[in-house]
Every structure is written in structure tokens, then in C-alpha cells.
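What follows is a short report on a single structure.
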């Protein structure tokens, strides 16, 4: 599924996001990077239609995203928030099951098919043994994986993730990004992910979008767009790119 | 461990579902006039088998069909309504302390029903006015507190303010009421099931049944809506529409219950809490079990108050008197406000 931005504009009191044509290729992992306040999360929420989206601005396989009914859209596109603030002590299984809402009518109860999708999603992120545990008892790394599992249970082919690795230790960071990468390879899911860690963004992304002050500064495969001058333009501090064991490392 | 736990929860669930039936049979046989169990059976059967009517003394028929049966049915329906609307509103507002009292629903419907009773008379059903003013109250709370996700304190505070406003309006109505109307108003407001006859229930029971059916059908959806609005929307829920549907149904059952039974506090807060402690947070189970436990709780409380003393203490006073200590004990035991 390809996600295509024709011209997207969103503004609130003190911020304006404006994008011209931009395409997110099917089955690819696109990293959205940029300084704080550049509009990364806003862009993601606009694409998920969690913020008001004007008609004819974003298209999913040629269909206007803003004109699709909510349930219809949610079967094609899922969104993973930065965190979930728990109120009630749902088990991991019941929590992930809420991702099936788009496949069920207003008065319907989840059936065997939905339970199977949940088990499969939990299996994929390796949390099946945790299915009966309360969500509130999980560590923050496990919580991120449960949020991803919920989006997987939704069975959409575009996945939007808002900073899935913030506050994670290096091991869990690699683990979460590894799962996300596997989704694009094994299931041809189109992934858009906002990231703060530039090294990780360069290492895992098939394409990078650099945002600054609500505009796209550069976009393309990391090996083509990444340069020291671009980084200095975007982040306003000098950075160097160092090659080490075949990886590009960014040194401040 | 997990399996054993799940099994004991299932047993507990079945017990709670059976509780209202057992209490109903028990309470039917409790009263100042004692009727032998065999006669009770015959009297009930005579409802559906007309030929049995001549075997049953008229006194038994009058007591069972016109005094006990409506009262027990009202206790079951009102208890279920208040507990389920409490559980639903808690899920919707992502806040386990929310109840129909805090959202102004109780005082709104009490004012509406009182207004109708005093100015339109006993022959006009009080439910429409109760529903309208309950909706006015909940809309006022939502409008003043802002979006549902604005914090707990602002919601609770707004609820207190709106409730206080409607209480003042209620006092104004009482001020204009005739002494006779005032007396019945007074007993009814304290939470009283004794005043209800079939005529009052004819409208209230179907309304409660309709609202409860809607809320029970929406029970899994409440799990989805109890996530943040953003998460629910991303999962494909039409959040605005679905939330209004739940609020309308919860208002309908609360207004219908309050307009015949008066203000019965604390049920909507304690019953869902107890259920969540026993079986977990999943609303697929919490909603039906809250209905069963709420119905049992109010029925038991009413039976105790009407048989304990010769002067009947209004059941609303009783539920508050035992509800508040239970709530404090729960709060202390769980060490946190929610479960």
C-alpha cells in the first residue's frame, strides 16, 4: 500500500505544517526525523487523521484518506501512540483485542477470528506468555511491544509509529526497531516512524524524511540524502558522519 | 496458576449471576404478612394459569401481585440500572470515581421528576422531565469541564457545582409544593421503593430495560472507548457518536430509576468496583455482573430495611450508610484509587 501526500496543510495557534508532494513507498520503512517542534508527531497524526485532515490531501492507494469512514480507514492504517496511560487494569490479551474494533460492528463481541489475530500478534512480538498478565505490570519496553501488537491485531497494511523507542534502553531500542523492520520485510507493511536517535534512523530506515519548522527539508534513501551540511542545516549544530564497520555514525 | 485463577473467577461470576434470582425468591417470601411457600407458588402460577385463581385467597393475590412483585421488580431494575450506568460512565470517562451522582445525573433527574410531580401532578409520568433535566445536567458538566480527558479534579468539581445548582432548584420546587405533595416528595427523594405501583412502573421498567439492553450490547465497545480518544479513533471507533450513545443510554436508565425510586446513592460507584476487584477490568464481564450485583444489592438492602423495623427506613439512606464504609474499605485495601 503506498501512502501519497499531495499537499497537506495543518496549522494551529503557533505552528504550521505544510507538505507538498511526498510518497511513502509500499513495504518500506520511512524514518521521520528532525529537531523538537519540527512537526514529526503532527505529521504522523495528520496522516492517521487523528488531527483534522483536509480532503484531497493524502491518498492511500489512490483513495482519499480524509473521505474514508473511520472503521474503513482503520482496517488499512493503524497508529501506535507514544504511550498509553492506563486507567483500568486490562490483561494484555484484552488490551490487544481492542485493536480489532474496526473489524467488528458496534454491538458485536470479538469472535474466534479476533482472538486468533490477537494471539498471532502477541506471538510476533514474543509476548504470548504475557497474555494473561495485567498491562499495568509490564515494563516500558514490554508496553511498547504490546502497543505494536495491538496495531498488528488491527491487520492494517500501513503502520504509523510515534517515537516507539524513546526512554528505552539500547537493548530494547534495538529489539523494538528489529520488530518494526521485520514487519516491512515479512509482511510488506508500510511503516512510518518518527525517531529521535539519528544513528538508529540511518541504520534501520529505507528512506528518511527530514522535517524542520513544519516543512520537509530533505527526503530520500539515507545513502543519498545524508550529508554533514544537511544535518547542520536541520539541527543548527555542526555534526560529523563517521564510517565505522560499514555503518554510518553521527558524531556531535 | 493462571488457569486455576480463571476457573475460580468463572465460578464467582456464575454465583453473582445467580444471586438476583435467589434473592428474588427469598424476598418474595419476606414481609409483615406471611404467606406459606406453597400458596406463594400457586399465587404466582395464577398469573399465567387463570383457572387457578379461585384456589388463591384474594389477600394473597393482592399482597403478592400488587405490593411485593412491583416492589421487587423495581429493586432489581433500579439496582441493575444504577450499577450498569456507573460502570459504563467510568469506562467512558476513563475514571473509576465517576458515577451518576458526580456527573449531576441524579440531581438533574430528581429535579426534573420533582418538577413534574409538583406542577403536572401524579397522573403525568415524571420520566420525560427527569430524562430531560438529567441530560441538561450532564451536558452542563461536560460543557463546563471541557473535554472528557480534562483532569479528574475539574470533572469532579464541575459535578459538585452542577449538582449543587440542581439541588437549589429542587429546594425551590419544594418551597412551592403543597404540604401533601411535599411529604411524598420528601420520602421519595430519600430513595424509596415503597411508593411504586404498577402504574409508575409501566413506563419506567420498559425504559430501564431498553437502556440496559443497549448498554449490555455495547459492553465490549466500552473497552475500546476506555482507551484515550486518539487510540479509540485510531482503532476505528466513531468516538463522538459512540460516546453520546453510551451517555444517552446511561442517562435514560438513571433518569428512569430515579424518577420512581428517588436518589439511591453509591450503588453506581461500589458495585462496579467490587466486580472489577473480583473478575478484572474487561467490560464484557464487568457490565453484566454489575447488573446482577447491583440488582442483588438493592433488592437485599430493600428487603432488610422493610423487614428489620416496623417503620420503613428509606433504602437510599441505607445504601449510603453501608455503601460509604464499603467504599472506604475498598480504597484502603487496593492502595490506589482504581483497579
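The values are calculated or read from the model by the stated rules, or taken from the named source; none is laboratory data. Given the structure is predicted, the values throughout are model-derived calculations rather than measurements. Counting neighbours? That spans all protein chains shown, and the Cβs are built from the backbone with ideal geometry, glycine included.
Here are the numbers:
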quantity	calculated
When residues of region B:200-224 are limited to those that are touching a helix residue (DSSP H, G or I) at 6+ places or on another chain (Cβ under 9 Å) and within 9 Å of chain A (Cβ to nearest Cβ), the one nearest to residue A:160 (Cα to Cα)	B:224
Sole residue being assigned to a helix (DSSP H, G or I) and at the interface with chain B (Cβ under 9 Å from one of its Cβ atoms), chosen from A:113, A:100	A:100
Check on residue A:192, assigned to a strand (DSSP E or B) and within 19 Å of residue A:170 (Cα to Cα)	no
Candidate set: region B:88-114, residues that are assigned to a helix (DSSP H, G or I) and closer than 16 Å to residue B:204 by Cβ; chosen: the one farthest from the other protein chains (Cβ to nearest Cβ)	B:114
Residues of region A:207-222 satisfying the condition of being surrounded by fewer than 16 Cβ atoms within 10 Å (Cβ to Cβ) and either within 23 Å of residue A:180 (Cα to Cα) or modelled with pLDDT of 95 or more (or both)	A:220, A:221
Residue list for region A:39-61, filter: part of a loop (DSSP other than H, G, I, E, B), in contact (Cβ under 8 Å) with a residue 40 or more places away in the chain and either under 18 Å from residue B:234 (Cβ atoms) or in contact with a strand residue (DSSP E or B) (Cβ under 8 Å, 6 or more places away or on another chain) (or both)	A:39, A:48, A:51, A:52, A:53, A:54, A:56, A:57
All positions within region B:168-199 that are closer than 23 Å to residue B:266 by Cα and exposed (fewer than 13 other Cβ atoms within 10 Å of the Cβ)	B:168, B:171
Unique residue being more than 11 Å from every other protein chain (Cβ to nearest Cβ) and more than 22 Å from residue B:297 (Cα to Cα) when the list is B:263, B:247, B:270	B:247
Only one of A:172, A:196 that is away from every other protein chain (no Cβ under 14 Å) and either buried (at least 21 other Cβ atoms within 10 Å of the Cβ) or in contact (Cβ under 8 Å) with a residue 40 or more places away in the chain (or both)	A:196
Residue A:147 touching a strand residue (DSSP E or B) at 6+ places or on another chain (Cβ under 9 Å) and at the interface with chain B (Cβ under 10 Å from one of its Cβ atoms)	yes
Residue in region B:151-161 that is modelled with pLDDT of 90 or more, within 20 Å of residue B:251 (Cβ to Cβ), in a helix (DSSP H, G or I) and out of contact with any helix residue (DSSP H, G or I) (no Cβ under 6 Å at 6 or more places or on another chain) present	yes
Check on residue A:132, free of Cβ contacts under 8 Å to residues at least 60 places away in the same chain, over 23 Å from the mean Cα position of the chain (by Cα), part of a loop (DSSP other than H, G, I, E, B) and closer than 14 Å to residue A:92 by Cα	yes
Any hit, region A:84-94, residues being outside any helix (DSSP H, G or I), within 12 Å of another protein chain (Cβ to nearest Cβ), at pLDDT 90 or above and closer than 22 Å to residue A:183 by Cα	yes
Subset of region A:223-238 (residues that are in contact (Cβ under 8 Å) with a residue 40 or more places away in the chain and surrounded by 12 or more Cβ atoms within 10 Å (Cβ to Cβ))	A:234, A:235
Residue within region B:115-127 that is in a loop (DSSP other than H, G, I, E, B), away from chain A (no Cβ under 14 Å), without any contact (Cβ under 8 Å) to a residue 60 or more places away in the chain and crowded, with 19+ Cβ neighbours inside 10 Å present	no
Residue identified as surrounded by fewer than 20 Cβ atoms within 10 Å (Cβ to Cβ) and in contact with a helix residue (DSSP H, G or I) (Cβ under 6 Å, 6 or more places away or on another chain) among A:35, A:69	A:35
Failed criterion for residue B:73 (all others in (1) without any contact (Cβ under 8 Å) to a residue 60 or more places away in the chain; (2) more than 21 Å from residue B:251 (Cβ to Cβ); (3) part of a helix (DSSP H, G or I) hold)	(1)
Matching residues, region A:68-83, being facing chain B (nearest Cβ under 10 Å), free of Cβ contacts under 8 Å to residues at least 40 places away in the same chain and part of a loop (DSSP other than H, G, I, E, B)	A:69
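Every residue, every condition in (1) surrounded by fewer than 20 Cβ atoms within 10 Å (Cβ to Cβ); (2) within 9 Å of chain B (Cβ to nearest Cβ); (3) in a loop (DSSP other than H, G, I, E, B); (4) under 24 Å from the mean Cα position of the chain (by Cα), yes or no:
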| residue | (1), (2), (3), (4) |
| --- | --- |
| A:109 | yes, yes, yes, no |
| A:117 | no, no, no, yes |
| A:120 | yes, no, no, yes |
| A:126 | yes, no, yes, yes |
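Rundown of residues vs (1) out of contact with any strand residue (DSSP E or B) (no Cβ under 6 Å at 6 or more places or on another chain); (2) under 28 Å from residue B:206 (Cβ atoms); (3) modelled with pLDDT of 90 or more, yes/no style:
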{"position": "B:1", "(1), (2), (3)": "yes, no, no"}
{"position": "B:22", "(1), (2), (3)": "yes, yes, yes"}
{"position": "B:43", "(1), (2), (3)": "yes, yes, no"}
{"position": "B:63", "(1), (2), (3)": "yes, yes, no"}
{"position": "B:79", "(1), (2), (3)": "yes, yes, yes"}
{"position": "B:83", "(1), (2), (3)": "yes, yes, yes"}
